[in-house]
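This report concerns only the one structure given below.
The values are calculated or read from the model by the stated rules, or taken from the named source; none is laboratory data. On a predicted model such as this, the values are computed, not experimentally measured, just so you know. Here the Cβ is made from the backbone with ideal geometry for all residues, glycine too, and neighbour counts use every protein chain on show.
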Amino acid sequence: MKEKILIRIKNLERHYKSGEGIVRALDNVSFEIKKGEFVAVMGASGSGKTTMLRILGLMDFPTKGEYSVQGLNVEELPEEERTYYRLTQLGYVFQDYALMNEMSALENVYVLSLMEGKSKKEAIATAKEALNKVGLGDKGNRIPDELSGGEKQRVAVARAIAKKPMILFADEPCANLDTHTSEQVLEVFKILNEKFGQTIVMVTHEPWHTKYVSRIINLKDGKIVSDKRRRNGFN
């Protein structure tokens, strides 16, 4: 069966003013991502990878080009609809965890569901399910200060997947972690991708991280210089 195209990017550009000149952070970029892919976006500092992720995550706007998810031109949505789409359909994991220290792991995960209008009973149930998926089902009552760095990041992952997002975006999720802890977090991503079919787009600068992904997009000076699929099932 042919895999479903989830993300379609066509002739995408993002320009910034710098003094009297223009920086082309993204320069005529085009690609597609299929449902269920685990994609690493790589490149040196200034290559455009974080700019790319911010546009894909609806946290920034392209200067030119088209961006659609399941055929919906998301960059053309009115701001209110764009915000709702970002909150309900997309998940985010950042390098700084962004957990609330006064709340338990479980509360950190379900608080966003409450903000989205779910009942507390439903929010807690989905939070527990998400914590189980990342291997922290027995640590829901612990506050962040009682968790290791890797556990904090896994709570952040659980928070992102509790709403069952269509796409999970991760921006350097292991930047603050040592190698062993990074491996634990990346194993969680791999399980989410292979067992639960979660589509993941991850920015990273570490070459060894690529053994966990199904595809690698390399950027240089705002352009795609290579795009390779690694594992079976995505050819």
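Please go through the range 191-213 and pick out each residue that is crowded, with 16+ Cβ neighbours inside 10 Å and either under 18 Å from ILE167 (Cβ atoms) or of a type in the set (Val, Ile, Thr) (or both).
Hits for the range 191-213 are LEU192, ASN193, GLN198, THR199, ILE200, VAL201, MET202, VAL203, THR204, THR210, TYR212, VAL213.
Six or more apart or on different chains, Cβ under 6 Å: which pairs go from a residue in the range 123-137 that's at negative phi to one that's surrounded by fewer than 19 Cβ atoms within 10 Å (Cβ to Cβ) and of a type in the set (Gly, Ala, Ser)? Could you list them?
These pairs meet every condition: LEU131/GLY137.
Every residue, every condition in (1) of a type outside the set (Asp, Glu); (2) without any contact (Cβ under 8 Å) to a residue 40 or more places away in the chain; (3) touching a Ser or Thr at 6+ places or on another chain (Cβ under 7 Å), yes or no:
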| residue | (1), (2), (3) |
| --- | --- |
| PHE38 | yes, no, yes |
| GLY48 | yes, no, no |
| ARG54 | yes, yes, no |
| GLN70 | yes, no, no |
| VAL74 | yes, yes, yes |
| LEU90 | yes, no, no |
| ASN108 | yes, no, no |
| SER113 | yes, no, yes |
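Take VAL23 and tell me if it is among the hydrophobic types (A, V, I, L, M, F, W, C), touching a residue at least 60 places away in the same chain (Cβ under 8 Å) and touching a strand residue (DSSP E or B) at 6+ places or on another chain (Cβ under 9 Å).
Answer is no for this residue.
Do you know which residues across the range 221-233 are crowded, with 16+ Cβ neighbours inside 10 Å and in contact with a Gly (Cβ under 8 Å, 6 or more places away or on another chain)?
Once the filter is applied, which keeps residues that are crowded, with 16+ Cβ neighbours inside 10 Å and in contact with a Gly (Cβ under 8 Å, 6 or more places away or on another chain), the range 221-233 yields only GLY222.
Identify all residues within the range 1-45 that are assigned to a loop (DSSP other than H, G, I, E, B), in contact with a helix residue (DSSP H, G or I) (Cβ under 8 Å, 6 or more places away or on another chain) and either of a type in the set (A, V, I, L, M, F, W, C) or closer than 18 Å to LYS220 by Cβ (or both); write none if there are none.
GLY43
Restricting attention to the range 214-228, report how many residues are acidic (Asp, Glu) and closer than 21 Å to ILE167 by Cα.
Here the count works out to 1.
Okay, residues lined up against (1) crowded, with 17+ Cβ neighbours inside 10 Å; (2) over 19 Å from the mean Cα position of the chain (by Cα); (3) under 29 Å from LEU186 (Cα atoms):
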| position | (1), (2), (3) |
| --- | --- |
| TYR16 | no, yes, no |
| GLU20 | no, yes, no |
| PHE31 | no, no, yes |
| VAL41 | yes, no, yes |
| SER45 | no, no, yes |
| GLU66 | no, yes, no |
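Within the range 5-33, how many residues turn out to be of a type in the set (Lys, Arg) and at pLDDT below 90?
1
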